[in-house]
Amino acid sequence: KRQDMVFDSQVDLWETLDYKDDDGEMIILRARAENAPGYLRGRAYDRYRNGRWNSPESKRSLLSELPEGRVTYTIFNRAGYLPGDDPVRIELLPAGSFRSAVIPVPGTAAEFELVADDLKSDVDGTLTVSAWDASGGCTILARPYPFTSAYPMPWPRTREEHFYLEVPDNLETEMADIADLIFDGHENDGTRTKINQLNRYFQQNFSYQLGVEMRPNRDPVLQFLTEKRRGHCELFATSTALLLRSQGIPTRYITGFVCAEPHPYSGHWLSRLGISRGELVLTG
């Protein structure tokens, strides 16, 4: 089952997330915070090939320290990424069903306190943890609301020139033709206008549906855009990413959880397996 591992190293568009019974209602995370944490970002993906997104392999360890009197907990800091003068504090409490090597955090998260041997960040800010005792949770300090930064900028910055503008060779011609149709009359408009135009195009011509069968001999994104015009959220997000890239707009594919449902009694915010989301993050 795909839900056995949250935020896997690959997103496979050939598979459709098909919840059975009440799987989609399963609580996957709880969070204590003054305000709803909102979108907790999991893993970033930058390279698309044959219906699959892959994440960067290069990672580096975050700075760490052992707080006095708390031997088991380690504080990790994202270098050069400060939480601000009045940081937001979030206590993340994964459910027992949570299975992931990646910790989902707000885009502006800067400091992390947890029981773990090591915490690494890849070029896009994905946090991969080693030997994490998830039962102890994770305390996060982030920049104050509202969050104004999407996700840590890639290092080095020159990476985006290739990875975040790449459209596979076998899709380039057809994606360019589709983009010409969508952005006709908007070729010289700015990024925000093109995003709005793309949103309108999908809203007017496409529908959300699980279980749409894809033929194995044609890329699922092309089938979605030119034939099916219906599909799951990963197809919408991937199509958007590749179409924006075709317009010279550097784009990443990000997965995560929406954590905005208040618990009626305990003061927690909840995130359910059925409201995991893929989204686009512009890197420019």
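Using a 1.4 Å probe and counting only protein heavy atoms, arrange 32, 229, 89 so the residue with the most accessible area comes first.
Per-residue accessible area, sorted high to low, gives 89, 32, 229.
At a 1.4 Å probe radius, which order do 68, 172, 234 fall into by accessible area, largest first?
Ranked list, largest accessible area first: 68, 172, 234.
Taking H as built 1.01 Å from N, whose amide H comes closer than 5 Å to the amide H of residue 28, not counting residues under 5 places away?
Close amide H contacts, sequence-distant or interchain: 271, 272, 273.
Applying the Karplus parametrisation 6.51 cos²θ - 1.76 cosθ + 1.60 with θ = phi - 60° to the phi angles of the range 40-54, what ³J(HN,Hα) value in whole Hz is obtained for each residue in order, glycine and proline being reported as x?
Per-residue couplings from phi come out as 9, 7, x, 10, 9, 10, 10, 10, 10, 8, 6, x, 9, 9, 10 Hz.
Calculate one ³J(HN,Hα) per residue across the range 134-144 by plugging θ = phi - 60° into the Karplus curve 6.51 cos²θ - 1.76 cosθ + 1.60, and present them in order as whole Hz with x for glycine and proline.
So the J values, rounded to whole Hz, are 5, 5, x, x, 8, 9, 10, 10, 9, 4, x.
How big is the accessible area of residue 201 in square angstrom, nearest 10, if you roll a 1.4 angstrom probe over the protein chains?
The value for residue 201 is about 30 Å².
If I stretch the segment between residue 15 and residue 130 completely, what's the gain in nm (0.36 nm per residue apart, minus their alpha carbon distance), one decimal?
In short, 38.6 nm is gained.
Which of rounded, prolate, oblate describes the range 212-276, given a ≥ b ≥ c as roots of the alpha-carbon gyration tensor eigenvalues and a/c under 1.5 marking rounded, otherwise prolate only if a/b is larger than b/c?
oblate
Could you give the distance between the Cα centres of the range 105-139 and the range 165-186, to the whole Å?
Comparing the Cα centres of the range 105-139 and the range 165-186, I get a distance of 37 Å.
Report residue 186's accessible area, 1.4 Å probe, all protein chains in place, as a number in Å² to the nearest 10.
Surface open to solvent at residue 186 totals about 40 Å².
Treat each spin label as a single point 7 Å out from the Cα along the C-beta direction, and report the residue 52 to residue 68 distance in nm.
Between residue 52 and residue 68, the simple spin-label model gives 5.1 nm.
The values are calculated or read from the model by the stated rules, or taken from the named source; none is laboratory data. As the structure is a computational prediction, the values presented were derived from the model and not from experiment. Please note: Cβ atoms are built from the backbone with ideal geometry, for glycine as well, and neighbour counts cover all protein chains shown. Note: areas computed on protein heavy atoms with side chains; ligands, DNA, RNA excluded. Shrake-Rupley method; radii C 1.70, N 1.55, O 1.52, S 1.80 Å.
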